[in-house]
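Working notes, structure below.
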Amino acid sequence: KSIVLLKNDKQTLPLKTGLKIYVENLKPEAVSQYGQVVKDIAQADLAIVRLNTPYEKRKGLAEGWFHAGELDFKEPEKSRILKILDQVPTIVDIYLERPAVIPEIAEKSAALLGNFGASDEAVLDVIFGKFAPQGKLPFELPSSMDAVRKQKEDVPHDSENPLFPFGHGLSY
């Protein structure tokens, strides 16, 4: 119930079964219940990619327990992800342990999900329509790192032109 459908271009979701699917960071055996997993993206009808919110490794006691730093993907990882999104329609699921700055990924993805620690099986249930998404964002997703830097530390939901506002969540 906590999985948030952030974007669903052209009613991409729910997906039909039986497709050729390129996957990253999902158990192939879980995906194979819905379609044929292919290792070469050129053979795929679509891709499903699971990501983690970016963070910077820092020294210190607190940073060992909590991720910190910039919220956007850096090179070369950002270009690698965008290349996948340019090749085939791609469903992106991102683990939002904290807000992420993902405007290019959001723009190029066919569908975008946010999760807060969901299993592969739960995410696939939403992607393939076994369970309709119901979640709402508990924070906003900023549109840029510049917007993050301009925010006030003690005021929630105050970034300029958020990519997705607090409480956003679609269903189908």
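The values are calculated or read from the model by the stated rules, or taken from the named source; none is laboratory data. No experiment lies behind these values; they were computed from the predicted model shown. So basically every Cβ, Gly included, is an ideal-geometry build from the backbone, and we count neighbours across all protein chains shown. When the accessible area is computed, the model is the full protein with side chains, heavy atoms only, and any ligands, DNA or RNA have been set aside. Shrake-Rupley method; radii C 1.70, N 1.55, O 1.52, S 1.80 Å.
Structure notes:
- For the range 111-125, a residue qualifies if it is part of a loop (DSSP other than H, G, I, E, B) and under 11 Å from the mean Cα position of the chain (by Cα), and exactly one does: F116.
- Some residue of the range 142-157 being modelled with pLDDT of 95 or more, surrounded by fewer than 13 Cβ atoms within 10 Å (Cβ to Cβ) and in a loop (DSSP other than H, G, I, E, B): no
- Options A44, A110; residue that is surrounded by 13 or more Cβ atoms within 10 Å (Cβ to Cβ), at pLDDT 95 or above and farther than 26 Å from G135 by Cα: A44
- Test set (1) modelled with pLDDT under 95; (2) open to solvent by 20 Å² or more (accessible area, probe 1.4 Å) - P54 fails condition number: (2)
- Selection from the range 71-124 of residues that are within 17 Å of I41 (Cβ to Cβ) and polar (S, T, N, Q): S79, Q87, T90, S109
- Of all residues in the range 4-28, those satisfying the criterion of being over 18 Å from the mean Cα position of the chain (by Cα) and more than 21 Å from N52 (Cα to Cα) are K16, T17, G18, L19, K20.
- Condition met for K130 (part of a loop (DSSP other than H, G, I, E, B), open to solvent by 60 Å² or more (accessible area, probe 1.4 Å), at pLDDT below 95 and not hydrophobic (A, V, I, L, M, F, W, C)): no
- Considering residues of the range 72-107 that are open to solvent by 20 Å² or more (accessible area, probe 1.4 Å) and part of a loop (DSSP other than H, G, I, E, B) only, the residue nearest to P162 (Cα to Cα): P99
- Residue count for the range 10-41 under the criterion of being in contact (Cβ under 8 Å) with a residue 60 or more places away in the chain and surrounded by 18 or more Cβ atoms within 10 Å (Cβ to Cβ): the result is 8.
- Selection status of V126, touching a residue at least 24 places away in the same chain (Cβ under 8 Å) and either farther than 20 Å from I3 by Cα or out of contact with any Ser or Thr (no Cβ under 8 Å at 6 or more places or on another chain) (or both): yes
- Flag for K7 being on the phi < 0 side of the Ramachandran plot, surrounded by 15 or more Cβ atoms within 10 Å (Cβ to Cβ) and of a type in the set (K, R): yes
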